[in-house]
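The block underneath contains the structure these notes are about, expressed in structure tokens.
The values are calculated or read from the model by the stated rules, or taken from the named source; none is laboratory data. This one's a predicted model, so the numbers in the text were calculated from it and none came from an experiment. Surface areas here come from the heavy atoms of the whole protein model, side chains and all, with no ligands, DNA or RNA. Shrake-Rupley method; radii C 1.70, N 1.55, O 1.52, S 1.80 Å.
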Amino acid sequence: MDKTGALKDALTAMSHQELLDLVLKVASDRVDFCCALLANINVPPLSKASQKVGLLKQKIRDFFEFLQEQYIGNENEYDEDERYPELDPIMAAAKTLPPKQQGEIFWYLMSCGNRIFEDDCRIGTQQIEEAIAAYVDAVIQLFQEATLAQNNGEEREIYRLNKQSYLDAIINALTWKMCRYGDVSDCMEYALTTYRSS
């Protein structure tokens with residue numbers, strides 16, 4: 001057997017992780033191998049939706065970091081009805097994305113909002129409550145599209161979803177600290193009921 005055939009057989013017998021570890025080790029040891037590898041790999045560019053998700057997440061992260069900095073050392077009274085105009089265009093932009101990315105953005109907004117409460121900061125909850133509703137709407141729409149695609153005989157990776165994992169995430173979110181404020185708990189429970197009946 002020639003060397004190429006033996007190498008092919010050996011690499012084929014390796015698990016994905018073993019092969020990845022080997023490639024990374026050789027690439028770190030040999031610059032020429034690393035350069036040759038990079039020159040021969042086609043990395044698909046991020047889709048416009050993925051780029052937009054990254055940008056929106058960055059804007060959400062920046063906003064909540066700014067909000068937290070404003071809160072620290074400032075003992076303003078807590079106003080659960082306070083709105084933050086900076087979040088409105090972010091939420092509007094998220095609603096233009098496909099349902100899966102919408103869900104990702106709104107979940108991220110909910111998580112960042114909860115982190116503020118975990119750090120003992122109190123902020124208005126209206127837009128968090130709106131994000132909860134938008135998250136559930138996006139997930140329901142995603143599953144409706146999945147059902148339609150499956151009924152049409154389509155097999156796409158995006159439609160291989162686990163409905164229970166989304167349900168579990170909402171149930172776990174009911175324990176978040178932010179659920180003690182405003183109408184967040186009611187919104188979560190309504191979202192849960194809506195999701196279960198979809």
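Report those helices (runs of 4 or more DSSP H) wholly inside the range 44-149 carrying at least 3 residues which are within 16 Å of the chain's Cα centre (by Cα) and of a type in the set (D, E, K, R).
Once the helices (runs of 4 or more DSSP H) in the range 44-149 are filtered for at least 3 residues that are within 16 Å of the chain's Cα centre (by Cα) and of a type in the set (D, E, K, R), what remains is 48-71, 99-118.
Assuming TYR190 fulfils every condition listed in (1) open to solvent by 80 Å² or more (accessible area, probe 1.4 Å); (2) aromatic (Phe, Trp, Tyr); (3) over 29 Å from PRO85 (Cα atoms) apart from one, which condition is it?
With respect to (1) open to solvent by 80 Å² or more (accessible area, probe 1.4 Å); (2) aromatic (Phe, Trp, Tyr); (3) over 29 Å from PRO85 (Cα atoms), TYR190 is out only on (3).
Just one of the numbered conditions (1) open to solvent by 10 Å² or more (accessible area, probe 1.4 Å); (2) over 26 Å from LEU55 (Cα atoms) is not true of TYR195; which one?
(1)
Given (1) open to solvent by 40 Å² or more (accessible area, probe 1.4 Å); (2) closer than 28 Å to PHE66 by Cα, where does ILE171 come up short, assuming only one miss?
Result: ILE171 passes all but (2).
State whether one or more residues within the range 49-58 are of a type in the set (D, E, K, R) and at pLDDT below 85.
no
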